[in-house]
Each structure stands twice: as C-alpha cells, then as structure tokens.
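Quick one: the structure is below, and I'll ask about it shortly.
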Amino acid sequence: MHFMIKIINKYRFLQLSLFFLIILLLYIRLLFIFSYSIDNDGLEYYFVHIIQEILSGQPMYRNPQDFPYSINLYTPVYFYLLSILVRLSKLNIYNDLHQILVLGRMLSFFIILLQLFYLAKLMRKFTASNFIIVVSITLYLLLISGHIYAVRPDALKILFFIVFVYYLLEYLFFSHQLKHAMLCIGAAVLGVYTKQDIAVHITLYFFVAFILLRSKKIILLFAIFIAGCLLGWFGIWLLYGKYIFYNLILFNLQSVKDI
C-alpha cells in the first residue's frame, strides 16, 4: 500500500511539473506575440504583404512573371480569415504593421489553444489517464515548429488536420454518424485550402485507415474529399483565373529541391 502511494505521489509530481512546463512554453510564446521583429519565424513579412495586397484591392493571385512580380504560393483560406480580422480591427495596412503582426500572431496562438483542446479530446478516446494526455500535450508543444506561432497558415492547417483525424476516428470507430463524416471531410478540404501540402498527410491517413479496416466507407469518404478539393479548385479558378496554376503549382514545384 505504501509503495502504491509513493507511485501515485510520484506521478502527481510529474504531472504538476508538466503542467508548469506547458504554461511556461505558452507564456514564452505569448511574449513573442508583441515582438517588434518583422519575422519571428517563417517569413512573416511575406504573409503581411499578401494581406496588404488583398486589402488594397489587388488580386490574391496574379501573373508572377509580370511586374511587380508578386506571387502567392499558398491556398486562400488563411488569407481571407486574417484579412477579415484586419479589416474588422480597422488597422491601416501601411501604418499599423506592428499591430497587424500582433493580430496575426494572436490568431495563431488562439488556434494553438484550439489544437490542444482537440488533442485532449482525441486522446480521451483512447485513454482515461490525465497523465498520458498531459504528456502528449507537452510533447506536442515541445516538438512543433516556431512556424505554428507565426503570421502563417501553418497553425490553422494543423488545426484542420487534427479536427479531420478526430472526426474520422469518431465516425469510423465510435458514433458512425453522418454529421461526423461531413465534419471530417469539411475539415480536410478546409485544411487543403489553408495550405495545400496537408493533402499529402490527409491522403496517407485515408490510405492507412483503408489498410486497417478495408471498409468501403473510407473509399467513399476519400472520393468525397477529392470531389470537394476539385470543387474548391474550380471555384478559385473562376475567381482568379489561370494564374492560380502558376502560383499554387508551377512555382511551388520549381521551389522543391529534393522530391
């Protein structure tokens, strides 16, 4: 009995230590939000420039081979979201650059908190141990790139991916409700149109799920996901024309150094 009490106290101490580490990691990143650096991580000034172009009435995707040689390598969801927040905040896109950086970093920080919420919900599906959940969240915060906290679409992309994983597992293993299947597909398509490289991870996840379950449901969900992505591509093609191919595909492939 005494031995069991010692083990419980030991884990309680470790859990409190990890809580402290989580708070410390988030607090440090909270301080970075107000930095006057134009690039805490990941070319933040580039993304602010795109927001400036959107709010000044310029097209999000233009011919990158013509003056002023502007290029946008990323899909549009994040830019629409941040530009709406900048507009609602009534910030001047040329004079309030620091406030725009702060707003974008605060958005990413809030999205990270949502990520942690969904990670905890996801872990709760597989364990009743609060200690394991705290360890998982701590490791996640220790391993994620600084890109996630910056004025970039990465935080939103990963949030959509976590939501996709959560609702896919919910649909396949727990509830089997259609609404969870639709939430899964919606999050997947939004993830792709936040930053298109997540399509690789989503496809791999569907592939692994099919290998494990050999279910027609997974094939159907994947087909709907592809259809949703194609519909989104058609929509932005109608909106921005052929230059989305130059921006999102041609110049992205040219920047890849090691396939």
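Could you give each residue of the stretch 180-188 its phi-based ³J(HN,Hα) in whole Hz, using Karplus coefficients 6.51, -1.76, 1.60 with θ = phi - 60°, and x for Gly or Pro?
So the Karplus estimates, Gly and Pro as x, are 6, 5, 5, 5, 4, 5, x, 5, 5 Hz.
For the chain, what is the calculated [θ] at 222 nm in deg cm²/dmol (nearest 500), taking -39500 (n - 2.57) for each run of four or more DSSP H residues and dividing by its residue count?
Only helices count here, giving -22500 deg cm²/dmol.
Using a 1.4 angstrom probe on the protein heavy atoms only, line up 170, 44 by accessible area, largest first.
These residues rank, largest area first, as 170, 44.
Another question, then. What longest range of the chain stays clear of loop-exposed trypsin sites (Lys or Arg not before Pro) (DSSP non-H/G/I/E/B, at most 12 other C-beta within 10 angstrom)?
1-89
In debye, nearest 20: dipole of the chain around its Cα centre with unit charges on the Cβ of K, R (+) and D, E (-)?
Value, rounded to 20: 980 debye.
What do you reckon, how do 34, 79, 109 stack up by accessible area (1.4 Å probe), largest on top?
From most accessible down to least: 34, 109, 79.
Residue 179: which aspartates and glutamates have alpha carbons under 19 Å from its alpha carbon, excluding same-chain residues fewer than 8 sequence positions away?
Hits, sequence-local ones excluded: 170.
Could I ask something else about it? For the chain, just say rounded, prolate or oblate: build the C-alpha gyration tensor, square-root its eigenvalues into a ≥ b ≥ c, call rounded for a/c under 1.5, and beyond that prolate if a/b exceeds b/c, oblate if not.
oblate
Any aspartates and glutamates with Cα under 18 Å of the residue 242 Cα? List them, leaving off those in the same chain fewer than 8 positions away.
Answer for residue 242, where 18 Å is the Cα cut-off: 66, listed by chain and number.
Between residue 13 and residue 120, what is the label-to-label distance in nm when each label sits 7 Å out along the Cα-to-Cβ direction?
The modelled label-to-label distance comes out at 2.5 nm.
Something else about it: Tell me the carbon and sulfur percent of the accessible area for the stretch 124-259, rounded to whole percent, probe radius 1.4 Å.
With neighbouring chains kept in place, the figure for the stretch 124-259 is 72 percent.
The values are calculated or read from the model by the stated rules, or taken from the named source; none is laboratory data. Since the model is a prediction, treat every value here as computed from it, not as a measurement. Glycine gets a Cβ as well: all are built from the backbone with ideal geometry, and neighbour counts include every protein chain shown. Accessible surface is based on the protein model in full, side chains and every heavy atom, while ligands, DNA and RNA are left aside. Shrake-Rupley method; radii C 1.70, N 1.55, O 1.52, S 1.80 Å.
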